[in-house]
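Colleague: Here you go, one structure.
The values are calculated or read from the model by the stated rules, or taken from the named source; none is laboratory data. On a predicted model such as this, the values are computed, not experimentally measured, just so you know. Virtual Cβ from ideal backbone geometry, glycine too; neighbours counted across all protein chains shown.
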Amino acid sequence: LAGATLIAPVVNYWWPNFPSTLSSKEYSKQFVHDKWSLWVAHHLPSLTYWWNTRTWLPPHSVIAHSPDVLSPQDRKLVPIFTAGRAGVEEQVRQQG
């Protein structure tokens, strides 16, 4: 295996067939509050909803739509993808 890419908003770092060295290396790169959220989701799944609905607990970066999780290349693309969104969102609200 020369390399691995996981394209998903949130990755299951406890996937049994995933190399543990690679998994722990990538998990350590997460923000601390994201590690907490993932730990709760993995070890205490019944508390996941509770965790995500508390405003005094830090939300997971993906749930909060934080741009901090994006690479510099992805940050350059965000304006391109969101440029025409405002007009469409207004139309959807009018229909609802």
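Colleague: Quick check: is even one residue across the range 22-36 in contact with a His (Cβ under 9 Å, 6 or more places away or on another chain) and at pLDDT below 80?
Modeller: Looking through the range 22-36, none of the residues is in contact with a His (Cβ under 9 Å, 6 or more places away or on another chain) and at pLDDT below 80.
Colleague: Please pick out the residue among Val78, Val92 that is at pLDDT below 85 and surrounded by 10 or more Cβ atoms within 10 Å (Cβ to Cβ).
Modeller: Just one listed residue meets the conditions, Val78.
Colleague: Taking the range 35-68 only, how many residues are loosely packed, with under 15 Cβ neighbours inside 10 Å and either among the basic types (Lys, Arg) or touching an Asp or Glu at 6+ places or on another chain (Cβ under 7 Å) (or both)?
Modeller: 1
Colleague: Please specify each residue of the range 36-89 satisfying the condition of being aromatic (Phe, Trp, Tyr), farther than 21 Å from Trp15 by Cα and within 17 Å of the chain's Cα centre (by Cα). Let's see the steps before the verdict.
Modeller: Taking the range 36-89 and keeping what is aromatic (Phe, Trp, Tyr), we get 36, 39, 49-51, 56, 81.
Subsequent filtering for residues that are farther than 21 Å from Trp15 by Cα retains 49-51, 56, 81.
If the condition is that a residue be aromatic (Phe, Trp, Tyr), farther than 21 Å from Trp15 by Cα and within 17 Å of the chain's Cα centre (by Cα), then Tyr49, Trp51 are the ones that fit.
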